[in-house]
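Working notes, beginning with the structure itself.
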Amino acid sequence: MLASLDKVADRLISLSALIGTLGLLTEVVIIMIDVVGRYFGAPLRGAQDITQMGLVLIVFGGMALCDRVGGHINVDLFEKKFPPTVIWLGDFISAWLGAIIFAAIAVYVLESAALSRMLNLATNIINLPKAWFQYFVVAACIITAFGMALRGIGLMLTGTSGKGAA
């Protein structure tokens, strides 16, 4: 059961990372076009709007993958001094706390997206609807929370942090 959930999580995380990658590529192209356009006296209209919304895709699209590969910043200054149980407890608490935080972000951004749709909120220059980007944040946060919860369950079942004792 856990293995099949893990496969589902991997696919969802890959999709989220792919969307973040597309956001990054779009960002690079838009900035390049804008810079070249500024050189010729014709900057790209709406480049700031696209850049802002692209950053939403980049940050939240990559968050689940960052957690999955263990890419978050952590300070392991005293890790060699602590017993494995304390290290496991820290990993366990951080996995579940992260899952709770990302689930809460998803709930609040979903409420904000409903408000954005009701008020027809959009970006300033080219009127990109903000709600669609907020819905992506909700989906990406749910995927991240799901991945973190699976990591917490895996820690519960294995009883090890996976970092190995040195």
Filtered residues of the range 71-89 (kept if free of Cβ contacts under 8 Å to residues at least 60 places away in the same chain and not in a loop (DSSP other than H, G, I, E, B)): Thr85, Val86, Leu89
Determine whether Met156 is in a helix (DSSP H, G or I) and at pLDDT below 95. yes
Which residues, counting only those in the range 126-160, are over 21 Å from Asp67 (Cβ atoms) and small (Gly, Ala, Ser)? Ala131
Qualifying residue in the range 58-70 (condition: over 15 Å from the mean Cα position of the chain (by Cα), assigned to a helix (DSSP H, G or I) and among the hydrophobic types (A, V, I, L, M, F, W, C)): no
What are the residues in the range 6-32 that are surrounded by 15 or more Cβ atoms within 10 Å (Cβ to Cβ) and of a type in the set (A, V, I, L, M, F, W, C), if any? Ala9, Leu12, Ile13, Leu15, Ala17, Ile19, Leu24, Ile30, Ile31
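The values are calculated or read from the model by the stated rules, or taken from the named source; none is laboratory data. Given the structure is predicted, the values throughout are model-derived calculations rather than measurements. All Cβ positions, glycine included, derive from the backbone under ideal geometry; neighbour counts span all protein chains shown.
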